[in-house]
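J.: Okay, handing you the structure first.
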Amino acid sequence: MLADFCGVEMVSDNKTAARVAAHRKWNLVQSIALVACLAVLTAVSAFLLWSWTGAIVAVLVTAVVWLLAPRLPPEMLMRLYRAQPVGPRHGQQLLAIVAELAERAGLPSVPKTFVIPSATLNAFASGRRDHAVVAITEGLLRKLELRQLAAVIAHEISHVDNGDLEIMSVADVMS
């Protein structure tokens with residue numbers, strides 16, 4: 001089906017359970033390291049401004065953000081960007097590409113697709129593996145051919161599939 005839209009057949013990669021488990025373990029190690037570094041940086045800054053009280057509060061806030069950020073509904077983020085959901089009436093090809101790539105990645109559900117009213121060239125994914133969204137800016141939709149757009153969406157779907165969204169949401173909230 002994707003070949004019909006893009007004119008190219010994509011080769012699917014059969015992941016082994018061990019490879020997926022190792023990747024998820026490495027993501028967890030990186031997540032902990034990133035959050036620890038952010039906590040130290042925030043604590044040092046807070047210490048310089050407010051002494052030990054500020055440093056302790058900064059570490060506690062970092063821990064709360066780490067626990068809560070991945071659990072925020074991705075639709076909340078879409079509202080912040082004033083993104084509109086893509087409906088089958090106007091975005092049938094786009095929805096078909098997202099559905100095909102989600103199926104190839106073995107996702108439990110197809111990510112909802114949103115369009116952000118912005119001229120910038122950007123796309124991103126948010127949420128969790130079982131409840132994700134893919135957002136694409138109007139600028140990207142205007143600039144790219146369908147084949148290129150499919151490649152960008154495949155990149156975002158790979159973030160969903162690999163579990164990268166949790167650490168990305170923590171980094172976004174911390175920044």
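J.: Compute the angle between helix 92-105 and the longest alpha-carbon principal axis of the chain, please, reported from 0 to 90 degrees and rounded to the nearest 10.
T.: 70
J.: Sticking with this one: Could you work out the helix-only [θ] at 222 nm for the chain, with each DSSP H run of four or more residues adding -39,500 (n - 2.57) and the total divided by the number of residues, to the nearest 500 deg cm²/dmol?
T.: Details: 7 runs with 111 residues, N = 175.
Counting only the DSSP helices, I get -21000 deg cm²/dmol.
J.: Another question, if that's okay. Whole Å is fine, so just give me how far the alpha carbon centre of the stretch 10-87 lies from that of the stretch 88-124.
T.: Centre-to-centre (Cα) distance: 23 Å.
J.: For the stretch 107-175, what's the relative contact order in percent, using C-alpha pairs closer than 8 Å and at least 6 residues apart?
T.: Relative CO of the stretch 107-175 lands at 32 percent.
J.: At a 1.4 Å probe radius, carbon and sulfur cover how many percent of the accessible area of the chain? Can you show the working numbers first?
T.: Numbers: 6830 of 10740 Å².
C and S fraction of accessible area: 64 percent.
J.: Also: Please determine, in degrees from 0 to 90 and to the nearest 10, the orientation of helix 146-162 with respect to the longest principal axis defined by the Cα atoms of the chain, where the helix direction is its Cα long axis.
T.: 40
J.: Need one number: % antiparallel among DSSP beta bridges in the chain, to the nearest 5.
T.: Details: 8 of 13 bridges.
Rounded to the nearest five, the antiparallel share is 60 percent.
J.: When only Cα pairs under 8 Å and 6 or more residues apart are kept, what is the percent relative contact order across the chain?
T.: Working: 223 pairs, mean separation 40.5, N = 175.
Normalised by residue count, the contact order of the chain is 23 percent.
J.: Which of the following values of P(r) over Cα pairs in 10 Å bins from 0, in percent was calculated from the structure shown: (i) 9, 34, 28, 11, 7, 5, 4, 2, 0; (ii) 9, 32, 30, 19, 7, 2, 0; (iii) 10, 34, 35, 16, 4, 0?
T.: Recomputing P(r) over Cα pairs in 10 Å bins from 0, in percent here picks out (ii).
J.: While we're on this one: Ignoring ligands, DNA and RNA, what accessible area per residue does the chain give at 1.4 Å, in Å²? Present the calculation step by step, with values, prior to reporting the outcome.
T.: Values: 10740 Å² over 175 residues.
So the chain comes to 61 Å² accessible per residue, rounded to a whole number.
J.: Between the helical axis of 165-174 and the dominant principal axis of the chain, each derived from Cα atoms, what acute angle in degrees is found, rounded to the nearest 10?
T.: It works out to around 50 degrees.
J.: Looking at the stretch 82-175 only, what percent of DSSP beta bridges run antiparallel? Nearest 5 please.
T.: Details: 8 of 13 bridges.
Around 60 percent of the beta bridges assigned by DSSP in the stretch 82-175 are antiparallel ones.
The values are calculated or read from the model by the stated rules, or taken from the named source; none is laboratory data. It should be emphasised that the depicted structure is a prediction, and the values quoted were computed from it without experimental measurement. Calculation scope for accessible area: heavy atoms of the full protein, side chains included, ligands and nucleic acids excluded. Shrake-Rupley method; radii C 1.70, N 1.55, O 1.52, S 1.80 Å.
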